[in-house]
1. Looking at the range 98-128, which of the residues that are in contact with a Phe, Trp or Tyr (Cβ under 6 Å, 6 or more places away or on another chain) and assigned to a strand (DSSP E or B) is surrounded by the most Cβ atoms within 10 Å (Cβ to Cβ)?
2. Specify the residue that is farthest from LEU154 (Cα to Cα); the eligible residues are those in the range 51-73 that are surrounded by fewer than 16 Cβ atoms within 10 Å (Cβ to Cβ) and small (Gly, Ala, Ser).
3. Being in a strand (DSSP E or B), of a type outside the set (A, V, I, L, M, F, W, C) and over 30 Å from ARG85 (Cα atoms) is the filter here, so list the residues in the range 133-160 that pass it.
4. Mind listing just one residue for me: the one in the range 19-40 that is at pLDDT 80 or above and surrounded by 13 or more Cβ atoms within 10 Å (Cβ to Cβ) and, of those, nearest to ARG51 (Cα to Cα)?
5. Tell me which residues, restricted to the range 81-97, are under 18 Å from ASN69 (Cα atoms) and in a strand (DSSP E or B).
6. Looking only at the range 74-97, how many residues end up being surrounded by 22 or more Cβ atoms within 10 Å (Cβ to Cβ) and either of a type in the set (A, V, I, L, M, F, W, C) or under 30 Å from ARG139 (Cα atoms) (or both)?
7. Would you confirm, using the coordinates I've provided, whether PRO163 is more than 14 Å from SER41 (Cα to Cα), crowded, with 18+ Cβ neighbours inside 10 Å and modelled with pLDDT under 90?
Amino acid sequence: MLKYLTPAEFRYEARHGRAAGAGVQIAANVRAISEKLRTASFIFSTGAVDRAGDRIDPAGWVLSDFRRNPVALFAHNSRALPIGRARNVRVGENTLLGDIEFADADISSFADQCWRIVRGGFMPAVSVGFAPLEWSWARDPARPGGIDFRRQALLEISCVPVPAHPGALLVGASMPSNPAPNQKARQRQRGLELARLRYGAE
């Protein structure tokens, strides 16, 4: 089974030559709801630099395997039953976008609960799980330790309580400005601290 890492964990493992074969999770937010179809439309990922200083190239998404098994999970829990399926997943202008269709209540009460929470605006976030195929350390001095993912295979999409990517929001909602440089530095440092707590000191 693929081991999922947060961007901070992937960065830590990459520094130690242990990132091969690991998956990565990065979150985004819901943008529209269809009551009739039981779907939530999302911008799953953008080409913007995220809070960790990483960037995913939208042109680098590989979707062929995912389209054969377009599962939607809760919090990347692949041991549990899916809560729905992804539909209409595609690469748009500097984005990866699509819909999640939630399973009916008679199929899964938990999926229905997730649908009602998302529909109510209490959990508007999703996260992509992917396998990095080509990546490099960022050369931009403004984001030391950042990673540029150039080519990546989408594996699954999950509804999650807390998103990591600030640039993909519900249509009509206010878009947050990019964090200030010192805030970005604090966020990167915190991510590295969490990774060290999990894997031990560098």
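The values are calculated or read from the model by the stated rules, or taken from the named source; none is laboratory data. None of these values were measured; they are calculated from a predicted model. Please note: Cβ atoms are built from the backbone with ideal geometry, for glycine as well, and neighbour counts cover all protein chains shown.
1. VAL126
2. ALA59
3. As a first pass, look at the range 133-160 and keep what is in a strand (DSSP E or B): 133-137, 147-160.
Of the ones still in play, those that are also of a type outside the set (A, V, I, L, M, F, W, C) are 134, 136, 148, 150-152, 156, 158.
Selection gives SER136 alone.
4. First, pick out the residues of the range 19-40 that are at pLDDT 80 or above: 33-40.
Add one more test, that the residue is surrounded by 13 or more Cβ atoms within 10 Å (Cβ to Cβ), and what stays is 33, 38-40.
Details: ILE33: 26, ARG38: 31, THR39: 28, ALA40: 24 Å.
Of everything passing the filter in the range 19-40, ALA40 is nearest to ARG51 (Cα to Cα).
5. Pass one, the range 81-97, residues under 18 Å from ASN69 (Cα atoms): 81-91, 96-97.
Across the range 81-97, the qualifying residues are GLY84, ARG85, ALA86, ARG87, ASN88, VAL89, ARG90, VAL91, LEU96, LEU97.
6. The number of residues fulfilling the criteria is 3.
7. Numbers: more than 14 Å from SER41 (Cα to Cα): yes; crowded, with 18+ Cβ neighbours inside 10 Å: yes; modelled with pLDDT under 90: yes.
Answer is yes for this residue.
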